[in-house]
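Data first, discussion second: the structure below is written as structure tokens.
The values are calculated or read from the model by the stated rules, or taken from the named source; none is laboratory data. Predicted model only: the values in this text are computed from it and were never measured. Cβ atoms come from the backbone with ideal geometry, glycine included; neighbour counts cover every protein chain shown. The area values use the complete protein model at the heavy-atom level, side chains included, leaving out ligands, DNA and RNA. Shrake-Rupley method; radii C 1.70, N 1.55, O 1.52, S 1.80 Å.
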Amino acid sequence: MKDLSLSILDIVMNSVKAEASLIEITLEDDGNLFSVHIADNGCGMDEAFLARVTDPFTTTRTTRNVGMGVPLFKLAAEQAGGTFSITSEPGKGTELTASFEQNHLDKPPLGDMAATVTTLIQGSPDVDFSYRHATPKGEASLDTRELRETLDGVPLDTPDVLSWIQDSLCEEERMIQT
Amino acid sequence: MKSIEELKKIREQTLKTINLRKEDGEDAVRIVVGMATCGIAAGARPVLAACLDEVSKRNLANVSVTQTGCIGVCRLEPIIEVYVPGQEKVTYVSMDEDKARRVIHEHIVNNKVVTELTIGAEGA
């Protein structure tokens, strides 16, 4: 993966596949440590599957036996002096945290989070996403539950709504860039 | 700063035109973009964005763009599939933003398959 926003897009697709109705994506940058926290209320994993989930030869797919998303993300964190952890409870959901040393030579750039969030909403307009990105300069955030209230019946994947989401988030991200 | 006021305006505007979209009609065209790990790593996110942009810019009311998982030929990602009613599905491989826009111009608007970008031409 070229940047973290692509990994995050890939990882959150797992939450969508787990039939979560609410997915929280939180990025925190305190200047030294950059952390990514993803929490969903999807179907969760049992202990046996959770133990194997960072193995590239673990997947829920039945057509093939490789699943690279989680192992690649874990590798990216560990290569950048960070840590990776994942907890899950069947029927309740899954939580995942990855941290990166902000100034580590091997920390991938964050990339375009506005595009990642927009792509997620376009792909699953009925799922709620709560996104927050905090840096020492401020905070960017978006919550589809609030947008839904304003839109009152107009779907989130309406082209003009998606452009609005992308543009407004892009601007907020620019303002908190360090 | 983009405001909630603007979002409200978009809502009003959309309600006026919502009946013009005919994604479920008999002439409904579907574009499916592979968005699994392999697709994303190969550059599917900008390809999807280009498809959405082109469809909305050209006001193609009968065309829907959706995401799917791994299509099965990871080395040829980004892959998009085009479903035109009454025609065989066409699979385009090694897409980028420009190629995706070209597929929409030539295949969807002008109804002429871009043979050189299909999976058959790639010699899979």
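Estimated from the Cβ-Cβ distance and a Förster radius of 35 angstrom, the FRET efficiency linking residue B:8 and residue B:30 is about 0.70.
List the GluC sites (Glu not before Pro) in the range A:1-60 that DSSP assigns to loop (not H, G, I, E or B) and whose Cβ has at most 14 other Cβ atoms within 10 Å. Which are they? Answer by residue number: A:19. Dividing the summed -39500 (n - 2.57) terms of all DSSP H runs of n ≥ 4 by the residue count of chain A sets its mean residue ellipticity at 222 nm at -11500 deg cm²/dmol. Here residue A:148 and residue B:58 are evaluated by their C-beta separation; at R0 = 30 Å the FRET efficiency comes out at 0.60.
Report the normalised scattering of chain A as log10 I(q)/I(0) at q = 0.11 Å⁻¹, calculated by the Debye formula with identical scatterers on the alpha carbons. Log10 I(q)/I(0), no solvent term: -0.47. Between residue B:17 and residue B:66, the C-beta separation translates, for a Förster distance of 25 Å, into a calculated FRET efficiency of about 0.75.
For chain A, the membrane-span-like helix rule (DSSP H, alpha carbon extent of at least 24 Å along the helix axis, mean Kyte-Doolittle at least -1.0) picks out A:159-176; this says nothing about an actual membrane. A 1.4 Å probe run over the protein chains yields, for the protein assembly as shown, 50 Å² of accessible area per residue, whole-number rounding. Between chain A and chain B, the total buried accessible area stands at approximately 2500 Å², from heavy atoms with a 1.4 Å probe. Structural size metrics of the protein assembly as shown, computed from C-alpha coordinates, are Rg and Dmax of 19.7, 57 Å. Annotation for the range A:23-57: chymotrypsin sites (Phe, Trp or Tyr not before Pro) lying in DSSP loop with at most 16 further Cβ atoms inside 10 Å of their Cβ are A:57. Among the trypsin sites (Lys or Arg not before Pro) found in the range A:69-178, those both in a DSSP coil and sparsely packed, with 13 or fewer other Cβ atoms within 10 Å of their Cβ, are A:92, A:137.
Within the range A:1-25, the residues that become at least 20 Å² less accessible when every protein chain is included than when their own chain is isolated (1.4 Å probe; DNA, RNA and ligands ignored) are A:1, A:6, A:9, A:10, A:13. For the range A:119-135, state which residues have at least 40 Å² less accessible area in the presence of all protein chains than in their chain by itself, taking the probe as 1.4 Å and leaving out ligands, DNA and RNA. Buried by the other chains: A:119, A:122.
Ranking A:22, B:15 from most to least accessible surface, computed with a 1.4 Å probe over the protein chains only, gives B:15, A:22. Dividing the summed helix terms, -39500 (n - 2.57) for each DSSP H run of n ≥ 4, by the number of residues in chain B produces a 222 nm estimate of -10000 deg cm²/dmol to the nearest 500.
Here the range B:23-122 exposes an accessible surface that is 44 percent carbon and sulfur, computed with a 1.4 Å probe and the other protein chains kept in place. Each 5 Å bin, from zero up to the one with the longest distance, holds this percent of the alpha carbon pairs of chain B: 2, 11, 20, 21, 17, 12, 9, 5, 2, 1, 0.
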